[in-house]
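Sharing a structure with you now.
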Amino acid sequence: MTDIAASDFRHPRRHVRLDTILRLRWLAALGQLAAIFIVVQGLDFDLPIIPCLTIISISAALNLVLQMLFNPMQRLEPRYAAALLALNIGELAALLYFTGGLQNPFSFLFLAPVLISATALPTRLTIALGVFAAACATVLGWFHLPLPWDADEPLVLPQIYLLGVWLSILTAIGVTSLYAFQVTEEARKLSDALAATELVLTREQHLTQIDGLAAAAAHELGTPLSTIFLIARELEKTVHDNPLIADDLKTLREQAQRCRDILSKITQLNSGGAPFDRMRLSTLIEEAVAPHRDFGIAIKVRIAVAGAVEPVGMRNPAILYGVGNILENAVDFARETVEVNAWWNADSIVISISDDGPGIPPDLLKRIGEPYLSRRRGEDSGEHGGLGLGVFIARTLLERTGARVSFSNRVFPDHGAVVQISWPRESFETLERPFED
């Protein structure tokens, strides 16, 4: 078994999706609005509405800007995710300043952003957020507006109680974040173990391919060695009058035969395989399309003529599976036709797969790529739906090869889904070279 270093498969950089943080921010904004409405309208307390609504409006406006400018499905760099979580803490601290500080029972919400960070972000950022939340709680213990309450019966809490609230917030931040970090770390260890297994399988595949290369070399060298052997044997028969030359020819014939025997043994190690398994883009597309031609749906393949030479890459199982799975979904949802278009230039390669089916529902269009997102056509009904776990796996495999995968619908009046897969040309042509370190 090949030894594997932890650095071979551990991925210390962690990412969280923008969509996850935006949903939490929208939930926080709606909860804050509901709390203000209940306090003002239901309990008839004198709350500084204007400052509170201003803070919530700024938060909502920022959410809208982020949703319009960025793809919610993209994964944020840890520092950007931490910045948004720190902003959540700052907004909560500002609201608590106008509503009683630590006397407000909602002050325990300082825990939420730190807890999220503990499960998704590096330790140093979690510690920084925890310190920031603790600092905000400390400042609010001394500086805040009075707690909105009945003016005739004001509530005055003893200092020892407020000190206890402050300590409980700090303890909750520390203990629960540590617990969440430990649980998440166990999940990461399991993921690392799976990555190690994948690395072993990849290396075994490389060894198999090297074995195939040796077998091919043996096959290619067999013909010239046979020629050398035959010529040496014929010459040996004609030089009986010169023993020195005869002995040299005999030695040459014997060594040629020995080489043939060695190459024969190498060939027997692997009778199959394709060591020079490099294929043109058009060949790759045809291999991915072939299994889906016999399902009553016409598949039209169009390869655009370009000035640049057609790309040639290794036969990559991840690309074949990813393209094949997307084709399978297109065939499943198409009414009559699936189109596969490919084009390239000196810098990039693009494969576009489209169908004439119902298209992707608008509510799922930006969520394609999530696991278990499925509204597949029922076997006994005529309903159409979204895409399932297979697309999640296909997209993941393709993105790991350096591809960028995008989903859209055809422009009206046409109908159907369009999946576009693009690679940088250099990445595609150098992908999976098993004989390079």
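Sticking with the crude label model, points 7 Å out along Cα→Cβ, report the distance from I49 to L230 in nm, one decimal please.
About 10.2 nm, to one decimal.
Could you calculate the FRET efficiency of L33 with T337 from 1/(1 + (r/R0)^6), where r is the beta carbon distance between them and R0 is 35 Å, rounded to 0.05?
My answer for the efficiency is 0.10.
To continue, here is another question. Can you tally the net charge around H240? Count Lys and Arg as +1, Asp and Glu as -1, for every other residue whose Cβ sits under 14 Å from the Cβ of H240.
-2
If you don't mind, another one. Using the basic label-point model (7 angstrom from Cα toward the beta carbon), what is the V131 to I262 distance in nanometres?
6.5 nm
Using alpha carbons only, how many angstrom separate the centre of region 74-135 from the centre of region 55-72?
18 Å
On to the next question. For a label point 7 angstrom out from the Cα of V40 toward its Cβ, which stretches of region 74-103 have the backbone nitrogen within less than 16 Å?
Residues 95-96, 98-100 qualify, since their backbone N sits under 16 Å from the label point.
How many nm is it between the label spots at N71 and T251, if each spot is 7 Å from the Cα in line with the beta carbon?
Each label point lies 7 Å from its Cα, and together they span 6.8 nm.
Still on this structure, I have one more. Could you calculate the FRET efficiency of R293 with V183 from 1/(1 + (r/R0)^6), where r is the beta carbon distance between them and R0 is 60 Å, rounded to 0.05?
0.80
What does the charge count near D347 come to, summing +1 for each Lys or Arg and -1 for each Asp or Glu among other residues with Cβ under 12 Å from its Cβ?
Once positives and negatives cancel, what remains is -1.
Work out how much length T20 to N242 would gain on full extension: take 0.36 nm times their residue separation and subtract the Cα-Cα distance, in nm to one decimal.
Roughly 71.1 nm would be gained on extension.
Taken together, the values in this text are just the output of simple stated rules run on the coordinates, not laboratory data. Keep in mind that this is a model prediction, so the values were computed, not measured. Note: ideal-geometry Cβ built from the backbone for every residue, glycine included; neighbour counts use all protein chains shown.
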